[in-house]
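A short write-up of the structure that comes next.
The values are calculated or read from the model by the stated rules, or taken from the named source; none is laboratory data. Note that the structure is a prediction, hence the values are computed from the model and not measured. Here Cβ is always computed from backbone atoms with ideal geometry, including for glycine, and neighbour counts include all displayed protein chains.
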Amino acid sequence: MNNEICNPQVYEKLFFLHVPKTGGYSINSWLQQYFPSSEIQVNLEITNWTKQDFWKSAKCISGHLPFQILNRHHPLNEYLKVTVLREPIDQLLSHLRMVRRLRNPENKKFWPSYSSDVQDISLSLNGLNFLEPLDIAKWLEDCPAPGKVLFHNCQTRYFLRNPNDLFLNELHADEALLTLSRFDVIGALKHIDEFGENVAQRMGWSVLKKIEKKNVSPKIDKPFENFKKFRKALEPFVYLDQEIYTKACNQFFGSQNI
């Protein structure tokens, strides 16, 4: 659905599909300014969302929840459906760095909560040279199935009926784009303020609060200067994400926002 709509329906409930490393932490903090704590649930995962009895009271749902799976069990017709996409190479590198940092001392208390697959992936990434794109590409090519499902075309997977399919193709891209068309507001991370304005309008919020950037990787952890080298090496692992991102930007924002 196009972000610019004449006389749009105003919603009372909101669902934010938080694709990893697309500004979700900042958006969740922003949403918490509009909803009382009793009416908002954030940071939900596919492993825990069915265990919580909040569906009758929550007016805002946010999490790493593949849309088609969630919508089958809890239809989201009454919710404003929103999500944010990110330039795919940038999202992939940020996602890899984030999973690598899970083993850092500051995350020690959370370590036991991660699955054994995620723990193994994090440990493996700790030995990876993030300054060399070919090393990253080799790791992505050789990593076990859980790593491929986690990182290969990650953004596309959140809009699929079966996000854990190991190998994706153009049919999956078509499916993801069709699912995206069911969303009311689609944002791009690099234009997060525009996203916030569109959401506020559709929710009927008279006071617009700025989305403050949080949980941003420090500059020292940005390992690449020559982005073209990384694109050439890593594009095979995000080529469907790139197709979806480009088409979404052209449809919802105009090509100048890519």
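If I ask for residues that are assigned to a helix (DSSP H, G or I) and touching a residue at least 40 places away in the same chain (Cβ under 8 Å), which ones from the stretch 123-136 would you list? So that I can check it myself, show each step before the final result.
Of the stretch 123-136, the ones assigned to a helix (DSSP H, G or I) are 123-125, 133-136.
Those that are assigned to a helix (DSSP H, G or I) and touching a residue at least 40 places away in the same chain (Cβ under 8 Å): PRO133, LEU134, ILE136.
For every residue, the table says whether it meets (1) among the β-branched types (Val, Ile, Thr); (2) touching a Pro at 6+ places or on another chain (Cβ under 9 Å).
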residue	(1), (2)
VAL82	yes, no
HIS95	no, yes
ILE121	yes, yes
TYR158	no, yes
PHE167	no, no
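Kindly evaluate LYS229 against the criterion of being farther than 17 Å from TRP30 by Cβ and modelled with pLDDT under 95. Steps first, please.
Numbers: farther than 17 Å from TRP30 by Cβ: yes; modelled with pLDDT under 95: yes.
Taking the combined requirement at face value, the residue satisfies it.
Of everything in the stretch 55-77, what is in a helix (DSSP H, G or I), of a type in the set (A, V, I, L, M) and crowded, with 19+ Cβ neighbours inside 10 Å? Give them in sequence order. Break it down into steps so the answer makes sense when it comes.
At the first step, the residues of the stretch 55-77 found to be in a helix (DSSP H, G or I) are 67-73.
Then keep just the ones that are of a type in the set (A, V, I, L, M); that gives 69-70.
Correct list: LEU70 only.
Restricting to the stretch 151-180, what's the tally of residues that are surrounded by fewer than 18 Cβ atoms within 10 Å (Cβ to Cβ), touching a residue at least 24 places away in the same chain (Cβ under 8 Å) and part of a helix (DSSP H, G or I)?
Counting residues in the stretch 151-180 that are surrounded by fewer than 18 Cβ atoms within 10 Å (Cβ to Cβ), touching a residue at least 24 places away in the same chain (Cβ under 8 Å) and part of a helix (DSSP H, G or I) gives 2.
Can you find a residue in the stretch 239-256 that is at pLDDT 70 or above, over 29 Å from ALA137 (Cβ atoms) and of a type outside the set (D, E, K, R)? So that I can check it myself, show each step before the final result.
Kept after step one, since they are at pLDDT 70 or above, are these residues of the stretch 239-256: 239-251.
Checking which are over 29 Å from ALA137 (Cβ atoms) leaves us with 251.
When the remaining residues are screened for being of a type outside the set (D, E, K, R), the result is 251.
Looking through the stretch 239-256, at least one residue is at pLDDT 70 or above, over 29 Å from ALA137 (Cβ atoms) and of a type outside the set (D, E, K, R).
Residue-by-condition table, conditions (1) surrounded by 13 or more Cβ atoms within 10 Å (Cβ to Cβ); (2) basic (Lys, Arg); (3) touching a His at 6+ places or on another chain (Cβ under 6 Å); (4) in contact (Cβ under 8 Å) with a residue 60 or more places away in the chain:
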position: SER116; (1), (2), (3), (4): no, no, no, no
position: ILE121; (1), (2), (3), (4): yes, no, no, no
position: LYS138; (1), (2), (3), (4): yes, yes, no, no
position: ASP142; (1), (2), (3), (4): no, no, no, no
position: ARG182; (1), (2), (3), (4): yes, yes, no, yes
position: VAL199; (1), (2), (3), (4): yes, no, no, yes
position: TRP205; (1), (2), (3), (4): yes, no, no, yes
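Please verify whether LEU80 is in contact (Cβ under 8 Å) with a residue 40 or more places away in the chain, in contact with a helix residue (DSSP H, G or I) (Cβ under 9 Å, 6 or more places away or on another chain) and in a helix (DSSP H, G or I), treating the condition exactly as stated. Quick ask: steps written out before the conclusion?
Details: in contact (Cβ under 8 Å) with a residue 40 or more places away in the chain: yes; in contact with a helix residue (DSSP H, G or I) (Cβ under 9 Å, 6 or more places away or on another chain): yes; in a helix (DSSP H, G or I): no.
When the stated conditions are applied, LEU80 does not pass them.
Return a yes/no flag: does the stretch 84-100 have any residue that is more than 17 Å from the chain's Cα centre (by Cα) and modelled with pLDDT of 95 or more. Before the answer, list the steps.
The initial filter retains those residues of the stretch 84-100 that are more than 17 Å from the chain's Cα centre (by Cα), namely 100.
Those still in the list that are modelled with pLDDT of 95 or more too: 100.
For the stretch 84-100, residues more than 17 Å from the chain's Cα centre (by Cα) and modelled with pLDDT of 95 or more: present.
Would you mind stating whether LEU80 is within 21 Å of ASN198 (Cα to Cα), at pLDDT 95 or above and in contact with a Ser or Thr (Cβ under 7 Å, 6 or more places away or on another chain)?
Details: within 21 Å of ASN198 (Cα to Cα): yes; at pLDDT 95 or above: yes; in contact with a Ser or Thr (Cβ under 7 Å, 6 or more places away or on another chain): no.
When the stated conditions are applied, LEU80 does not pass them.
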